[in-house]
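The values are calculated or read from the model by the stated rules, or taken from the named source; none is laboratory data. These numbers were taken from a predicted model, which means no experiment stands behind them. Note: ideal-geometry Cβ built from the backbone for every residue, glycine included; neighbour counts use all protein chains shown. To get the accessible areas, we keep the full protein, side chains included, count just its heavy atoms, and leave off ligands, DNA and RNA. Shrake-Rupley method; radii C 1.70, N 1.55, O 1.52, S 1.80 Å.
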Amino acid sequence: MSNKRYSLLFLIVGIVVLLVITGCRQTQLGETEKIKTFQNNYELVGEEKAQIVAGISSHIFDEIDRSNEEALEEFVIRPSREVGQLHSLPEGRYQLHPEYSGNVYIRDQDGTLIYHSILGSRYGVETITIDLKETFTIEADGGLTWVYIYPVETDITNELTAGIWKVGLDVAPGTYQVTEYSGLGYFEVWELNEEPRLYELIGSGFNQTNPEVTLEEGQVIRLTGVSSLVLDPM
């Protein structure tokens, strides 16, 4: 093989090695940034975040009539007898209470997920508080003997339960630290036409992640996996 061919071969090999090294460095930098972001404030980014927030309906931003004038005083789902049945309620703000435990799915009129959780037992949440439109549906699986649903009033609070909350309506805008919870879950902050922020909540007797969150008027909070928490003003 001529010297020119050797030179060309070495050049190609060198370029390939350089591209591999550059790609590895970029991957390492990306992983380093994700680790730093989590270590600094327990915020998830990248693919892990994308998987968790994928497929959530934009109807979480819908305005709901919370006067509860048309809301039912009590609605009962019997999933063990009505497997797969979808239920709709008059528009209002409601809280779901379980007997035993199982999955609850709340979807918009197109069947796109708004909220899902295991309701009941130590593996799930104690209640779910959420806005419902007449076009939304609730489905509960047969692990739940009953699901009791009651209307709830709207008040500004810094003590949240599992469900969906709106900044300016349920929570005052401001900067807070998340405290006083147990279990494993996520504190999601959604804003129209923006990427949601996602904070991992890990609470046990030995350790707890306490992210700091800044909330602005109009944002939506999805709280999953933990039954309740406290937002301490900073």
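Could we say that Ile15 is at pLDDT below 95, over 30 Å from Leu113 (Cα atoms), assigned to a helix (DSSP H, G or I) and open to solvent by 70 Å² or more (accessible area, probe 1.4 Å) here? Spelling it out, Ile15 is indeed at pLDDT below 95, over 30 Å from Leu113 (Cα atoms), assigned to a helix (DSSP H, G or I) and open to solvent by 70 Å² or more (accessible area, probe 1.4 Å).
Every residue, every condition in (1) open to solvent by 80 Å² or more (accessible area, probe 1.4 Å); (2) touching a Ser or Thr at 6+ places or on another chain (Cβ under 8 Å); (3) more than 29 Å from Val213 (Cα to Cα); (4) without any contact (Cβ under 8 Å) to a residue 60 or more places away in the chain, yes or no:
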| residue | (1), (2), (3), (4) |
| --- | --- |
| Ala50 | no, no, no, yes |
| Val53 | no, no, no, no |
| Leu72 | no, no, yes, no |
| Gly84 | no, no, yes, yes |
| His97 | no, yes, no, yes |
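When Ala162, Ala172 are checked against the criterion of being in contact with a Pro (Cβ under 9 Å, 6 or more places away or on another chain) and under 23 Å from Val213 (Cα atoms), a single residue qualifies: Ala172. If you go through the range 136-157 and keep only what is open to solvent by 30 Å² or more (accessible area, probe 1.4 Å), assigned to a loop (DSSP other than H, G, I, E, B) and farther than 15 Å from Glu74 by Cβ, you end up with Asp141, Gly142, Gly143, Glu153, Thr154, Asp155, Ile156, Thr157. Taken together, the criteria exclude Ile221 from residues that are open to solvent by 10 Å² or more (accessible area, probe 1.4 Å), β-branched (Val, Ile, Thr) and closer than 25 Å to Pro98 by Cβ. Close Cβ contacts (under 6 Å, 6 or more residues apart or on different chains) running from residues in the range 157-168 that are small (Gly, Ala, Ser) to residues that are at pLDDT 95 or above and open to solvent by 30 Å² or more (accessible area, probe 1.4 Å) comprise Gly168/Glu217. If you go through the range 169-195 and pick out every residue that is open to solvent by 10 Å² or more (accessible area, probe 1.4 Å), under 24 Å from Arg107 (Cα atoms) and not in a strand (DSSP E or B), you end up with 6. Checking every residue in the range 100-114 against the condition of being touching a helix residue (DSSP H, G or I) at 6+ places or on another chain (Cβ under 7 Å), over 30 Å from Asp232 (Cβ atoms) and either surrounded by fewer than 18 Cβ atoms within 10 Å (Cβ to Cβ) or not aromatic (Phe, Trp, Tyr) (or both) gives at least one match. Pairs meeting the criteria (first residue in the range 108-128 and touching a residue at least 24 places away in the same chain (Cβ under 8 Å) and closer than 13 Å to Ala140 by Cα, second residue surrounded by fewer than 16 Cβ atoms within 10 Å (Cβ to Cβ) and among the aromatic types (Phe, Trp, Tyr), beta carbons under 7 Å, at least 6 apart or on different chains) are Gly120/Tyr100. Residues in the range 202-216 that are open to solvent by 40 Å² or more (accessible area, probe 1.4 Å), modelled with pLDDT of 95 or more and not in a loop (DSSP other than H, G, I, E, B): Glu212, Thr214. Listed by position, the strands (runs of 3 or more DSSP E) contained in the range 70-128 that have at least 1 residues being under 27 Å from Asp155 (Cα atoms) and basic (Lys, Arg) are 92-100, 102-107.
Taking the range 219-233 as the range and being in contact (Cβ under 8 Å) with a residue 60 or more places away in the chain and either in contact with a helix residue (DSSP H, G or I) (Cβ under 6 Å, 6 or more places away or on another chain) or part of a loop (DSSP other than H, G, I, E, B) (or both) as the test, only Val220 passes.
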